[in-house]
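The values are calculated or read from the model by the stated rules, or taken from the named source; none is laboratory data. These figures come from a predicted structure and were not determined experimentally. No Cβ is skipped: glycine too gets one built from the backbone with ideal geometry, and neighbour counts run over all protein chains shown. When the accessible area is computed, the model is the full protein with side chains, heavy atoms only, and any ligands, DNA or RNA have been set aside. Shrake-Rupley method; radii C 1.70, N 1.55, O 1.52, S 1.80 Å.
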Amino acid sequence: MIEPITLDFEVRCSVDHAFDTWTGNIARWWPSDHTVGGSRGLRVVMEPGIGGRIYERHGDGREVDWGIVTTWQRPTQLGYTWHLGRTPADATDVLIRFVPLDAEHTRVEIEHRGWERLGTDGQAWRDRNGGGWESLLPHYRGYVDGSSGDPASTEVS
């Protein structure tokens, strides 16, 4: 078994805002360099609810699927399959918990697992995605709570 990637950090906002920013406002904070197309003008979409698609839509209408929502328990838990840059058969699993600490602070706990499904490529993809999370999360944090988005303040294991 290949160890999951686990991350844990706090944001300065309510649990509702943290969840809604990750889901409904994903297009506002997701950087274009973390997409298949990598170009400006594309839009990242997460359809709400179990079975919702996660995808990028290009200006010409072309869509590239990234995954499917598997858990939708607003505002405390979100899960989805993830195959950005691979086929759906190679999907890994992401589970995000939004834990209210008080009315203005939320802990975000992420577990990204299922690397063994990728066979001999599993460890390399896990390592690549670890770097991806490190560079992605400052965008989320900066949008959700106005923090500096310092990657050193996000723990990745």
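Selection within the stretch 106-128: residues that are polar (S, T, N, Q) and part of a helix (DSSP H, G or I). The member of this set that is surrounded by the fewest Cβ atoms within 10 Å (Cβ to Cβ) is Thr120. In this entry, Ala103 is excluded by the filter for residues that are open to solvent by less than 20 Å² (accessible area, probe 1.4 Å), among the aliphatic types (A, V, I, L, M) and more than 12 Å from the chain's Cα centre (by Cα).
Select from the stretch 129-149 the residues that are within 19 Å of Ile96 (Cα to Cα) and without any contact (Cβ under 8 Å) to a residue 60 or more places away in the chain and write down the one among them that is most open to solvent (accessible area, probe 1.4 Å). My answer is Glu134. When Gly85 is tested against (1) under 15 Å from the mean Cα position of the chain (by Cα); (2) closer than 19 Å to Trp30 by Cβ; (3) assigned to a strand (DSSP E or B), exactly one condition is not met: (3). Ser39 meets the conditions (1) over 19 Å from Gly132 (Cα atoms); (2) surrounded by fewer than 18 Cβ atoms within 10 Å (Cβ to Cβ) in every case but one. The failed one is (1).
For the stretch 53-83, a residue qualifies if it is open to solvent by 40 Å² or more (accessible area, probe 1.4 Å), closer than 20 Å to Glu116 by Cβ and of a type in the set (A, V, I, L, M, F, W, C), and exactly one does: Ile68. Counting only residues that are closer than 14 Å to Leu84 by Cβ and polar (S, T, N, Q), the stretch 113-147 holds 2 of them.
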